[in-house]
Structures are given as structure tokens and as C-alpha cells.
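Written out below as C-alpha cells is the structure these notes cover.
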Amino acid sequence: MRKVSHFGVVIIAILFSGCASVAAPQVSNRERSWEEIAPQSHPVVKIAEKLKGSPYRYGGFTPEGFDCSGFVYYAYRQVGKTIPRTTKAQFRASKRLAIEDAQPGDLLFFRINARKLSHVGLYAGNGRFIHASTSRKQIADASLDDTYWNKRLIGVGRIP
């Protein structure tokens, strides 16, 4: 009977250990929709997703019609958190962050008019946000990769 050295046992174990490995997941080449890739870890983002398509209405803060800050106010209220109603007050109430530190549920603030803070949206992750779009006249998603939004972003805030 032949003895197998300790080294030989280790080599044999390494060679056969691959047999029990789990197959790598298959990656699909099809393009995924926004809904499939949007991180929805924050409950406010889940509410915001359900509100997409709701109409825009200046001064509105109900599903019958929203303006930008009314939409954010309403989404936070639905998860039991009361925040200020206006964009300016939401900006003041939130903790400032770097864009790299933004997480789903954080607020994105924009300067649409050259001189003043005038728009807010909810960050949904992956460079996307949900907001009350005046041009589309509804709650919609948009991208920070879009030059229009990117050059107008003036701050990111987190509601404590």
C-alpha cells in the first residue's frame, strides 16, 4: 500500500473542490428597464415610483396634482415623516451632502431660474431622480447625466 503525502492530499482536495462550486449567474444582454435597475431601498422611493404619471399642478401636494416640493412633502408624509412644504424650507431642513454620497430618498436641489433655488426632486439611485416635471406635466423620472439637470444641480440634502 502506497502512502500519500500531506502535500498530495492538499493537491487532490484543491482539484476536486471545484466540483462543488456554484455556477456563475447568467447575464442577460437585453436592455433592462428603469424599473428593473432602480434601487428602491428607501420607502420614499417606493412611494415616488407609484406616483409617477400623477399630474403636475402648481401649489399641489396631493395625487390630484403636485408641484415639486409638494410631491416630496407628500412622499415623505406617506412614510410617516413630516417635512417642510416648500423647496426653500426643505433645503434648510436637510443636511448637505456631496453628490457622491447621495442615497435613494435624498433630496436634489436645482436652480432653474438663474438666481434662486427653485426645484427639488427625490434621488432614486444610479444617477436618476423622480420629480414633478413641468415640461412633461406629471411626476416623472430624469437623469443627472442630462446636461440640463446636471448644470443646474446646486445641492444634495438628507432629511434627518
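The values are calculated or read from the model by the stated rules, or taken from the named source; none is laboratory data. What you see is a predicted model; the values in this text were computed from it and never measured. Heads up, the Cβs are rebuilt from the backbone with ideal geometry, glycines too, and the neighbour counts pull from every protein chain shown. Each accessible area value is taken on the protein alone, full model and side chains, heavy atoms only, with ligands, DNA and RNA left out. Shrake-Rupley method; radii C 1.70, N 1.55, O 1.52, S 1.80 Å.
Using protein chains only and a probe of 1.4 angstrom, how many square angstrom of SER143 are accessible, to the nearest 10? SER143 exposes around 20 Å² with every protein chain in place.
Would the range 59-160 count as rounded, prolate or oblate if I go by the C-alpha gyration tensor, calling it rounded below 1.5 in a/c and otherwise prolate when a/b exceeds b/c, oblate otherwise? Before the final figure, lay out each step's value.
On the way: a/c = 1.36, a/b = 1.12, b/c = 1.21.
It is rounded, given that a/c, with a ≥ b ≥ c, falls under 1.5.
Which of the peptides 126-137, 60-71, 78-89 is most tightly packed, and how do the rest follow, going by the mean number of other Cβ atoms within 10 Å of each residue?
Top to bottom by mean Cβ count within 10 Å: 60-71, 126-137, 78-89.
As a length-normalised measure over Cα pairs under 8 Å and 6 or more apart, the relative contact order of the range 38-160 settles at 29 percent.
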